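The values are calculated or read from the model by the stated rules, or taken from the named source; none is laboratory data. Everything quoted here is computed from the prediction, not taken from an experiment. Cβ sites come from the backbone with ideal geometry, for glycine too, and all protein chains shown count toward neighbours. The accessibility values were calculated without ligands, DNA or RNA, using every heavy atom of the protein model including side chains. Shrake-Rupley method; radii C 1.70, N 1.55, O 1.52, S 1.80 Å.
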Amino acid sequence: MSTHWKKLHNPDYLGSYSLEKGQDLVVEILSVTKEIVKGPDGKADECIVAKLKGQKPMILNATNCKTIAQVCGSPYIEDWAGRTITLYSQQVKAFGEVVDALRVRSKAPELPELLPNTDKWAKAVEYYRANK
């Protein structure tokens with residue numbers, strides 16, 4: 001795996017550079033808040049930030065907020081917690097040039113079903129009983 005130079009520039013947040021070409025990343029939203037974020041230039045801005053389970057946080061722009069609201073069926077950030085979304089990289093026009101941007105797919109990811117009498121079901125029951 002190669003290291004994109006932007007990973008060194010702003011290593012605290014997910015970006016399009018966090019994904020390999022053509023990769024989708026399914027993530028669970030833990031919370032969404034407004035935070036002061038320092039950019040690579042040291043400038044501080046107030047941003048909307050999604051905390052993600054097992055991943056770095058993601059700074060949300062208006063486009064991604066609208067898509068998450070659509071996927072979650074609610075414009076309220078409190079309703080987004082616990083919901084699963086799919087991230088991908090897409091080339092977009094921004095600031096007079098074409099750049100890679102981290103985007104949210106407009107459809108919720110299909111998660112595998114947990115059916116009774118399967119190995120996954122037995123493991124889930126075992127985990128639940130051990131971690132009441």
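Couple of notes before you dig in:
- All of A101, A81, A94 fail the test of being in contact (Cβ under 8 Å) with a residue 60 or more places away in the chain and in contact with a strand residue (DSSP E or B) (Cβ under 8 Å, 6 or more places away or on another chain), apart from A101.
Yes/no per residue for (1) open to solvent by less than 50 Å² (accessible area, probe 1.4 Å); (2) modelled with pLDDT of 95 or more; (3) more than 17 Å from L25 (Cα to Cα); (4) not hydrophobic (A, V, I, L, M, F, W, C):
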site: D45; (1), (2), (3), (4): no, no, yes, yes
site: A50; (1), (2), (3), (4): yes, yes, no, no
site: D79; (1), (2), (3), (4): no, yes, yes, yes
site: I85; (1), (2), (3), (4): yes, yes, no, no
site: D100; (1), (2), (3), (4): no, no, no, yes
site: E110; (1), (2), (3), (4): no, no, no, yes
site: L114; (1), (2), (3), (4): no, no, yes, no
site: V125; (1), (2), (3), (4): yes, no, yes, no
site: R129; (1), (2), (3), (4): no, no, yes, yes
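- When each of T67, T63 is tested for being within 15 Å of A101 (Cβ to Cβ) and surrounded by 15 or more Cβ atoms within 10 Å (Cβ to Cβ), the lone residue that passes is T67.
- Qualifying residues in the range 8-43 (those that are acidic (D, E) and modelled with pLDDT under 90) - the one farthest from P75 (Cα to Cα): D41
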